[in-house]
1. Note the angle between two axes, namely the Cα long axis of helix A:133-150 and the longest principal axis of the Cα atoms of chain A, as a number of degrees from 0 to 90, rounded to the nearest 10.
2. Loop by DSSP (not H, G, I, E, B), at most 16 other beta-carbon atoms within 10 Å: where is the longest site-free stretch of chain A for trypsin sites (Lys or Arg not before Pro)?
3. Taking amide hydrogens as modeled 1.01 Å from N in the peptide plane, which residues meet the under 5 Å criterion relative to residue A:210, leaving out close sequence neighbours?
4. Which whole-Hz couplings ³J(HN,Hα) result when phi for each residue of region B:324-336 is put into the Karplus expression 6.51 cos²θ - 1.76 cosθ + 1.60, θ = phi - 60°, listed in order with x for Gly and Pro?
5. Beyond 20 Å, what share of the Cα-Cα pairs of region B:235-331 is found? Please give it as a whole percent.
6. What does the convex hull of the alpha-carbon atoms of region B:293-346 project to on average, in nm²?
7. Work out the mean other chain Cβ neighbour count within 10 Å for the residues of A:216-225 and drop it here as an integer.
8. Over all alpha-carbon pairs in the protein assembly as shown, figure out the percentage whose distance exceeds 49 Å.
Amino acid sequence: MIKKFYIVTGKGGVGKSLTAHALCLYLKEMGYHPQLVTFRSSGLDQNDEVNKYMHSDEIDYMPLVLAECVENYIASRLNSKIIAKGIIRAPFFRALINMIPGFNYLIYLGQILQTLHDTDDEKMVLVLDSPASGHALTMLESVYNFQSIFQSGIIYDDTTKMLNQLNAEDFCQVNIVTLPSVLAMNEALEFEKQVAEITHLKTKISINNMLSKIPDLTGDLPTFLKKKIQIENEVVETFGDYPSLPHSLETQSENIIKELIPGMENLV
Amino acid sequence: MLFTAKPIEIFCGSGGVGKTTLATARTLYLAEYEHKKTLLITIDPSKRLKDIMKIDSAHSGETIAIQEFGTKKVTFDVLLMAPEVTMERIIQEAGYGQLIKNRILKILSRPYGGMNEILSIVELQYQIQTGKYDVIVLDTPPGSHFVDFLNSCRKIEAFFDKNFMDIFNYIYQAKNGAQPSVNLLKKVVSSGINKLLGYLQTVTGGQFISDFMEAVSAIYKTKNIFTQALKLQSDLKKRETSNWFLVTSVEHSKIQEAMSLKHQARDFFHEDSYLVLNKCSSQLWEKTQISASQKQLKKLQESALIKEQALKEKLKQNFENLLEFEEIFEKQPEQHVIELSKRWNELKD
């Protein structure tokens, strides 16, 4: 069952963006209309555009900019774009938003859920190329945090709606991407546990970059490579068999993404 | 390249590049080879350090004395940053114990609540002031969280900005029935605060505003502790006080992120800032003999060499001090760290 919303996350450097791209292309092949969601900034005053050097012409991107999302949100709730503009420009409000941590993620998530709620396109799927696991957890937690921070008012009502939508059956899945090492596996399992503690979301762990999955890698291998493969095998033995993807022999990201696509059927 | 240990040694970089293992290896090296009294702090909320050190997360926020590492008898201290513990200490020490119950403060000082970075600066300053350590090794959170860490000094300043606090005080006084001064009132009204507050209440609910004010005033009451931590900012920028290690790895080719971090930290980096390239494997591959029939292995070798070569060239254009660490093939994190600590020793000689 294809979900409406995939959160692709994992610790840094595990290949989240590559996986998110491959997932979009796979869904497209399956006849869905995926969009790849990325966050462009982490605060209202910061111009710290996240480095997204990966780009594919075959993918529809949905870059989210915090200031715009906040403005949209306030405008929709107070029924006035002018007031929203005024509020967002007030130094007091900017300071307030920058000080309340996690508010940016609440706004982002709100925008994503609103888009899925408003669309007439039944085939729409949003794939979030999520920031590293810590951030993803901040994002998921933010809904609960703000619900208990506010207790009443419009944001409170909205967080309640968000949670209902997010936790609905077959709506959202968290894809935890990891690597075949003890530290990375521990982190993935811990993250899965933390997600389960705060939400009812389905999670799926997958292991990237497996040397042992490279087809036809035969003959006498150099010692260090044998050792690496042996460690991989031991990790799989210790932690169990999760869907895994081969280490790519390609050097360009577009080619690596193409290689990953067939493996995506085990990740959806 | 000759290294001198500094009172503060900071490891930063994107996630997954091996910051925590390298920082732990550095600590092990300093304690074992240089006999320094060393404290290793991790402010990464994912706390990989507890796996390496086999520490229960229940001990987060305490300095733990390590007596042995793997098979080695070596002593150093380890601290897993726990923002809630730091916050509680600040508020207790200031004599406002009752404010600990404020639910907004509680939420904000949870590990993922977002005050992690600001409180880490406070904690680091606190540990320096104990005077117990020759060196404090800091393992920072990945990527943009590290930028938050750098910015948190600025955030502290902005937070205690006079105008900003005046506005809060005005609202706080008005809520408690006091008559705010006319001058202040003028300023406040001209900045449109009342109107804004009205809109804000519609959105956030009234209880929030009041709890939030209490939280802000609690932090304000402890402002000395926060502003003292600002001194740290200038220390971090001094060559004699700090060594900066920006870590990246061949495996992930995260050059853009490394360059972006370098840019974000440009005010802090000085001559003793090093780029650490982790998980190099080209020397191993160059030694490898491959027969003509092993096509895939040949391809693997080529792709590994091409990637590493391209990465090193780019890095050399952008970083003056480049330190290379060869990839380690050890399953157990402890053994991995021990191997890396030997490399730190080589770099010294």
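Coordinate-derived values only; no laboratory data. The shown structure was predicted, so the numbers you read here are calculated from the model rather than taken from an experiment. We place every Cβ from the backbone using ideal geometry, glycine too, and count neighbours over all the protein chains shown.
1. Tilt of helix A:133-150: around 30 degrees.
2. A:124-268
3. Amide H to amide H, under 5 Å and 5 or more residues apart or across chains, residue A:210 pairs with A:245, A:247.
4. Rounded to whole hertz, the list is 9, 10, 6, 4, 10, 10, 10, 6, 7, x, 4, 5, 4.
5. 46
6. So the mean shadow area of the Cα hull is 5.4 nm².
7. 6
8. Everything past 49 Å amounts to 13 percent.
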